[in-house]
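The values are calculated or read from the model by the stated rules, or taken from the named source; none is laboratory data. The shown structure was predicted, so the numbers you read here are calculated from the model rather than taken from an experiment. FYI the Cβ positions are ideal-geometry reconstructions off the backbone, even for glycines, and counts take in every protein chain you see. What goes into the accessible areas is simple: the full protein's heavy atoms, side chains included, and nothing from ligands, DNA or RNA. Shrake-Rupley method; radii C 1.70, N 1.55, O 1.52, S 1.80 Å.
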Amino acid sequence: MSTPYPHLLSPLRVGAHTLRNRVEAAPTIFISLVQLPHLRERAMRMVEDRARGGAALVVTGEITVNFTDSMRPVVDDGTLIELPIDYHDTDTEHARTFAEMATRIKRHGALAVAELSHLGQEKPLLADGHHPVGPVSYVRQDGVRVDGLDETGMARICREFADAAQYFDAIGFDGVMIHYGHGWLAGQFFNPRVNTRTDEYGGSAANRARFPRRILRAVRERCGSDLLVELRVSGRENIPGGITVEENVEICRQLDGHGLVDMFHVSAGHYYKPSRSQEFSTVFAPNGLNADAAAALKAAVSVPVNVVGGITTPELAERIVAGGQADVVALGRQMIADPDWVAKAAAGQRDRIRQCIRCTVCYPGPSGEHETDPADRVYPKLGSCTVNPYNVNLFSHHTVFPEDMPPPRGSRRVLVLGAGPGGMQAAIDATDRGHRVTLVDDAERLGGTLRMCDTDSIKTELLAYRDYLIREVYRRDIEVRLSERATPELVRDHAPDVLIVAIGAGPFLPPIAGIELALPGWEAFFVDPATIGARVVVIGGGLVGSEAALEWARHGRDVTVVEMRPRLVPDSLGIHRTALLDQMSAHGVRSLVDTSALQVRADGVLVDGPDGERLLPADTVIVGLGSRPRSAEAQALVEAAGPAVVFVIGDAQQARRVGEAVTQAYRAAMSIV
């Protein structure tokens with residue numbers, strides 16, 4: 001059967017191995033987490049699902065090659081964990097656990113690859129007595145001493161990479177990805193702004209590649225040619241003084257040939273600047289943003305080139321491979337969103353793929369990148385995938401495996417009120433459980449507040465997710481009733497066995513004089529843009545208000561945000577916050593923090609801030625203070641349900657993000673017995 005993705009789904013010889021297609025599941029978890037009893041099965045399934053879903057290679061995620069000068073904390077539920085591994089002993093519980101992971105990947109026809117790294121000068125100073133090491137000795141900005149590597153230190157690290165590679169080879173892995181990107185040790189030697197050595201390891205590109213090449217040679221000499229060696233590099237670092245595309249190409253030329261590398265893997269950026277360096281692409285960055293850097297490298301080296309970065313659709317992946325920019329595409333967060341991505345593309349089910357919306361909820365990234373972040377570095381807790389409530393993995397809110405949920409004892413009549421993302425997800429899953437579902441919404445079409453995506457220029461990927469949910473609803477035998485208000489009378493007339501209340505929330509309007517003259521934030525997306533004046537004041541600088549401010553600034557409006565707290569988007573940290581604030585600055589959005597709105601007037605907003613009271617002239621005032629649950633309406637619906645089992649989910653219960661509503665919907669549907 002012909003496929004619309006002939007290049008993407010064709011095999012490829014890489015080293016001693018043949019890939020069944022051109023898709024790699026990129027590393028998204030620390031492999032050491034599989035050693036923790038409460039995470040073990042979830043981590044196993046996370047990688048196994050990607051192999052079962054059709055990926056040709058599954059990379060398990062970073063592990064350091066030593067537990068001394070490359071040790072770093074991994075944060076899990078507030079506990080610092082890093083379980084040291086003895087790479088010289090394959091007869092341990094650690095080794096057996098890792099071996100099981102490799103087995104579970106390989107039994108589905110994928111290659112199992114372990115990612116090896118050394119942090120170099122970026123190692124945090126822990127209470128372990130080990131200072132970070134790097135190309136040269138110096139004192140970091142945080143006061144930590146970095147020790148420059150001498151011959152003895154370099155020889156030791158070469159042995160450690162070889163030890164780790166041999167260990168994973170011996171327990172059943174097909175290959176290793178050696179991490180030379182994101183500002184780690186080898187990348188530090190690449191960069192002439194960091195590597196200022198004057199000996200044979202500094203200066204020319206050939207000299208700066210000398211130690212990284214020694215590492216590869218040590219691995220190859222120890223493990224032979226059968227072990228697949230993939231080399232991850234930052235095609236460009238996108239930071240001041242960072243490695244450029246041209247510099248990366250020149251360094252990689254020095255590492256190419258001699259059988260040292262089987263495939264180059266082009267990423268980007270720096271670990272501690274994940275947003276600004278585009279280590280992670282955000283909704284504001286183009287999809288496939290590293291393809292040009294990969295193409296430049298592919299033209300210069302003799303082995304296949306892989307590329308990662310914002311690749312979420314098979315159409316884009318096919319263009320990258322067919323156009324010769326790369327031989328393989330790597331999917332990271334997209335594999336969290338839908339590990340069956342390859343299988344669905346191959347089966348002609350493109351419209352059933354859950355596309356990653358690049359919201360960065362799954363991996364928020366460390367704080368400290370934006371100037372207004374808290375002074376102390378914070379690692380926000382890993383979140384659940386916004387669009388995927390199904391796969392039980394490290395990023396899930398739910399911890400119960402689907403097969404452990406009680407099977408329905410019969411087919412129930414389920415009434416779902418509200419057709420936003422939560423309501424649609426609940427209707428989909430309840431139907432799949434064999435129940436008879438009616439979905440009611442007072443709008444003329446499905447989508448709830450996600451109907452705003454029609455006009456929101458930023459949320460194009462969220463729009464794709466909304467449309468995916470709509471397609472999934474209409475794919476099923478669900479009775480959809482639109483333009484019908486959810487009332488207690490409707491509930492009583494329907495007399496359901498199960499009622500799911502997903503009616504959402506209304507805008508939160510503070511008790512400010514003249515607030516009736518303002519437009520609630522999300523409603524601004526449903527009005528004729530011509531009615532939004534040239535001067536816009538947004539009351540509220542949280543996520544809702546800041547995103548609304550950016551949207552209208554992108555439409556050419558003069559926008560000012562008023563926030564009573566000390567900084568904008570105060571409840572967020574990490575990648576999206578930095579990207580959002582940087583975009584606001586780039587589009588000229590002004591902000592007043594520590595400032596309260598006193599009155600909305602026809603000619604503007606009276607505010608009180610550090611400089612006293614003043615009037616901000618405005619033609620349009622938008623209230624971006626989030627939502628308030630429709631608690632009274634929800635309670636009236638609940639009371640009308642009589643003996644029915646009732647679930648109140650999403651914004652109807654408490655103002656939530658899309659992913660939280662979707663996960664609650666899944667739980668509710670799975671609980672109907």
Quiz item: Does the range 325-340 contain at least one residue that is of a type in the set (A, V, I, L, M), more than 21 Å from the chain's Cα centre (by Cα) and in a loop (DSSP other than H, G, I, E, B)?
Solution: yes
Practice problem: Starting from the range 313-324, keep only residues that are over 18 Å from Cys356 (Cα atoms), then list their pairs with residues that are basic (Lys, Arg) and open to solvent by less than 20 Å² (accessible area, probe 1.4 Å) whose Cβ atoms are within a distance under 8 Å, requiring at least 6 positions of separation or different chains. | Solution: none
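From Gly203, Gly241, Gly148, grab the single residue that is over 29 Å from Ala99 (Cα atoms) and modelled with pLDDT under 95. I'd like the intermediate steps shown before the answer.
Details: Gly203 fails: modelled with pLDDT under 95; Gly148 fails: modelled with pLDDT under 95.
Going through Gly203, Gly241, Gly148 in turn, the sole match is Gly241.
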Self-check item: Restricting the range 562-572 to residues that are touching a residue at least 40 places away in the same chain (Cβ under 8 Å) and surrounded by 22 or more Cβ atoms within 10 Å (Cβ to Cβ), the residue that is nearest to Ile512 (Cα to Cα)
Solution: Val562
Practice problem: Give the range 600-632 a look and list any residue that's surrounded by fewer than 20 Cβ atoms within 10 Å (Cβ to Cβ), at pLDDT 95 or above and not aliphatic (A, V, I, L, M), or say none. | Solution: Arg601, Asp603, Gly604, Asp608, Gly609, Pro610, Gly612, Glu613, Arg614, Pro617, Asp619
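Of the residues that sit in the range 633-652 and are in contact (Cβ under 8 Å) with a residue 60 or more places away in the chain and not in a helix (DSSP H, G or I), which one is most open to solvent (accessible area, probe 1.4 Å)? Quick ask: steps written out before the conclusion?
Taking the range 633-652 as the starting set, the residues that turn out to be in contact (Cβ under 8 Å) with a residue 60 or more places away in the chain are 633-634, 636-642, 644-652.
With not in a helix (DSSP H, G or I) added as a condition, the list becomes 641-642, 644-649.
Numbers: Ala641: 8, Gly642: 56, Ala644: 17, Val645: 78, Val646: 50, Phe647: 46, Val648: 44, Ile649: 8 Å².
Among those that are in contact (Cβ under 8 Å) with a residue 60 or more places away in the chain and not in a helix (DSSP H, G or I), it is Val645.
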Quiz item: Where in the range 1-48 are there strands (runs of 3 or more DSSP E), lying fully within it, with 1 or more residues that are charged (D, E, K, R)?
Solution: 12-14, 23-25
Quiz item: Can you name the residue in the range 166-177 that is of a type in the set (A, V, I, L, M, F, W, C) and not in a strand (DSSP E or B) and is also farthest from Asp91 (Cα to Cα) among such residues?
Solution: Phe173
Quiz item: What is the number of the single condition among (1) at pLDDT 95 or above; (2) in contact with a helix residue (DSSP H, G or I) (Cβ under 7 Å, 6 or more places away or on another chain); (3) buried (at least 17 other Cβ atoms within 10 Å of the Cβ); (4) part of a helix (DSSP H, G or I) that Cys453 does not meet?
Solution: (1)
Exercise. Identify, by number, the condition in (1) open to solvent by less than 40 Å² (accessible area, probe 1.4 Å); (2) touching a Gly at 6+ places or on another chain (Cβ under 8 Å) that Ala597 doesn't meet.
Key: (2)
Practice problem: Sort through Val536, Val491 and tell me the only one that's open to solvent by less than 50 Å² (accessible area, probe 1.4 Å), touching an Asp or Glu at 6+ places or on another chain (Cβ under 8 Å), outside any loop (DSSP other than H, G, I, E, B) and of a type in the set (Val, Ile, Thr). | Solution: Val536
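Which one is least open to solvent (accessible area, probe 1.4 Å), of the residues in the range 136-149 that are of a type in the set (D, E, K, R) and closer than 27 Å to Glu115 by Cβ? Reasoning before the result, please.
Filtering the range 136-149 for residues of a type in the set (D, E, K, R) gives 140, 142, 145, 147.
Okay, now just the ones that are also closer than 27 Å to Glu115 by Cβ, so 140, 142, 147.
Values: Arg140: 33, Asp142: 98, Asp147: 50 Å².
Top of the filtered list is Arg140.
How many residues, within the range 412-434, are touching a Pro at 6+ places or on another chain (Cβ under 7 Å) and under 13 Å from Ile672 (Cβ atoms)? Can you show your working first?
Looking only at the range 412-434, we keep the residues that are touching a Pro at 6+ places or on another chain (Cβ under 7 Å), and these are 413-415, 425, 433-434.
Imposing the further condition that a residue be under 13 Å from Ile672 (Cβ atoms) reduces the set to 413-415, 433-434.
Result for the range 412-434: 5.
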Quiz item: Within the bounds of the range 508-517, is there any residue that is out of contact with any Phe, Trp or Tyr (no Cβ under 6 Å at 6 or more places or on another chain), under 30 Å from Val538 (Cα atoms) and open to solvent by less than 20 Å² (accessible area, probe 1.4 Å)?
Solution: yes
Quiz item: Considering only the range 278-299, how many residues are open to solvent by 60 Å² or more (accessible area, probe 1.4 Å) and closer than 17 Å to Thr578 by Cα?
Solution: 2
Exercise. Take the range 464-505 and flag every residue that is in contact (Cβ under 8 Å) with a residue 40 or more places away in the chain and among the charged types (D, E, K, R).
Key: Arg466, Arg471, Glu472, Arg476, Asp477, Glu479, Arg481, Glu484, Arg485, Glu489, Arg492, Asp497
Self-check item: Pairs, first closer than 21 Å to Glu461 by Cβ and in a helix (DSSP H, G or I) in the range 277-305, second modelled with pLDDT of 95 or more and aliphatic (A, V, I, L, M), C-beta under 7 Å, six or more apart
Solution: Ala291/Val307; Ala291/Ile320; Ala291/Ala326
